[in-house]
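Got a structure here, written out as structure tokens. Questions coming.
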Amino acid sequence: MAALVCLLVVSCGAPEENASGSSTSKATSEGHHSKRLEGQRPEHRKEVRGRKSDDKQADPRAERKAEARAQHRARARRRARTAPGVLVSRVVDGDTIEVQLNGATVDIRLIGVDTPETVDPGEPIGCYGPEASGFTADVLEGERVGLEYDVEREDQYSRTLAYVFLGDRLFNEALVARGYARVSTYPPNVKYVDRFLAAQRRARRTNAGLWSSCSADGVSPNPNASESEQGPDNGGGNCDPNYSGACVPPYPPDLDCADVDQGFRVVGDDPHAFDADSDGLACEA
């Protein structure tokens, strides 16, 4: 009897175990088969082929734009490495700017140049003054610049005196070369005076800017304005009062007739020796 029970238990249990094992094996096989089918879905293969096709047919314009952006980033990195870290926050007029220096706003007066007046309430707006202010604003405002100092660091108004560099370009010189400013030197700050005078000669020869638009006084746009209208001081404190009819920078440095307007008068001393025959007329043709 015991043998018969054992035989029944074994014969009943065996099919259950085999069925379970067969079921598990079948599920595993179906899972692997399903994964293979999933990996071979037509839409998946189409997507892969589509990406390869897109890679082969890349838009040339997009490539050029990407290349341009890369070049721009490279230039920006180079500028960042060499940027002096002085930000021009505001342009006051053609030859005066404000910068952010050591956490403070500092007024910078450009050395060696004088643009026509635009902001002094006690003086008229100078001929070509708005153009000079606009040029300085267009070029410098929002840019980072380098500052170079000379012997004296401040003027009588407590403004910092400096040469302003945009990259390797001396902006003071650019103002003169383009006819937005005249040379105006105050010793001992004369480091670049020779460069400024050479730029002024070129500007005068080509009638750049104020040299073709303004009279000698720097105020009137009429080249035939009378001397009485121009005034004896020739347009402000940056002009030597010994001369009338032209804005002659104070001595030193010593100037030649090629550096200034022609046909003006000597009304006092003649530190530049413009009046060779002492007849009161300077730089006669």
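Give the residue that is surrounded by the fewest Cβ atoms within 10 Å (Cβ to Cβ), with candidates limited to residues of the stretch 96-137 that are free of Cβ contacts under 8 Å to residues at least 40 places away in the same chain and of a type in the set (Asp, Glu).
For the stretch 96-137, the residue satisfying everything is Asp120.
Mind checking which residues of the stretch 88-131 are small (Gly, Ala, Ser) and at negative phi?
Across the stretch 88-131, the qualifying residues are Ser89, Gly94, Ala104, Gly122, Gly126, Gly129.
Here is a follow-up. If you take the residues of the stretch 226-252 that are surrounded by fewer than 16 Cβ atoms within 10 Å (Cβ to Cβ) and part of a loop (DSSP other than H, G, I, E, B), which of them is modelled with the highest pLDDT? It would help to see each step written out before you state the result.
Filtering the stretch 226-252 for residues surrounded by fewer than 16 Cβ atoms within 10 Å (Cβ to Cβ) gives 226-229, 231-233, 237, 241, 252.
This time we only want the ones that are part of a loop (DSSP other than H, G, I, E, B), so: 226, 231-233, 237, 241, 252.
Numbers: Ser226: 34, Gly231: 34, Pro232: 33, Asp233: 35, Gly237: 46, Pro241: 73, Pro252: 66.
By that ranking, first place goes to Pro241.
Restricting attention to the stretch 138-154, and to residues there that are surrounded by 15 or more Cβ atoms within 10 Å (Cβ to Cβ) and β-branched (Val, Ile, Thr), which single residue is farthest from the chain's Cα centre (by Cα)?
Filtering first and then ranking leaves Val145.
For the structure I just gave you, tell me whether Leu175 is farther than 21 Å from Pro130 by Cβ, in the same structural domain as Gly126 (by TED's automatic domain parsing) and touching a Phe, Trp or Tyr at 6+ places or on another chain (Cβ under 8 Å).
Criteria not met by Leu175.
Could I ask something else about it? How many residues, within the stretch 130-189, are small (Gly, Ala, Ser) and not in a helix (DSSP H, G or I)?
Step one: list which residues in the stretch 130-189 are small (Gly, Ala, Ser), which gives 132-134, 137, 142, 146, 158, 162, 167, 174, 177, 179, 181, 184.
Those still in the list that are not in a helix (DSSP H, G or I) too: 142, 146, 158, 162, 167, 179, 181, 184.
Residues in the stretch 130-189 being small (Gly, Ala, Ser) and not in a helix (DSSP H, G or I): 8 in total.
The values are calculated or read from the model by the stated rules, or taken from the named source; none is laboratory data. Computed from a prediction, not measured in an experiment: that's the story for all the values here. Here the Cβ is made from the backbone with ideal geometry for all residues, glycine too, and neighbour counts use every protein chain on show.
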